[in-house]
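Since the structure comes first, as structure tokens, the remarks are kept for the end.
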Amino acid sequence: MSGKFLIICFVVATLAVTGCTKTQKGAGIGAVGGAAGGAIIGAAVGSPAMGAAIGAGAGALGGALIGDHLESKDQEKEKEDLQKQLDEEKAKNQTSSPPQQ
């Protein structure tokens with residue numbers, strides 16, 4: 001039963017983060033993964049609910065940090081690409097424009 005429950009939770013979480021930023025996706029996926037892992041560890045020590053709560057919080061925080069980092073790297077790459085295109089257009093316009101008199 002718990003295996004099916006985890007699969008259902010994973011599918012629901014995946015559908016829930018569709019259209020979100022990488023930070024939000026990371027937090028959502030981290031929370032689900034952390035809750036699952038925390039529940040398993042918590043069950044071993046006698047408190048699965050507390051383990052799931054702690055795991056969800058830690059997973060959400062970790063996932064959000066990773067997602068934010070990935071989002072920042074994507075923004076930097078996009079900025080570099082736009083600057084490169086701008087520089088290429090400037091160079092192209094300078095070589096194709098007639099000399100001014």
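Each value in this text was obtained by applying a stated rule to the coordinates, not by laboratory testing. Quick caveat: nothing in here was measured; it's all calculated off a predicted structure.
Worth a mention:
- log10 of Debye I(q)/I(0), alpha-carbon scatterers only, for the stretch 2-91 at 0.13, 0.18, 0.19, 0.24 Å⁻¹: -0.53, -0.78, -0.84, -1.07
- Pair-distance distribution of the stretch 38-101: all C-alpha pairs, bin width 10 Å, starting at 0; shares per bin in whole percent are 19, 19, 16, 14, 12, 9, 7, 4, 1.
- Of all lysines in the structure, the ones whose alpha carbon falls short of 27 Å from that of Lys79, not counting any fewer than 8 places away in one chain, are Lys22, Lys25, Lys90, Lys92.
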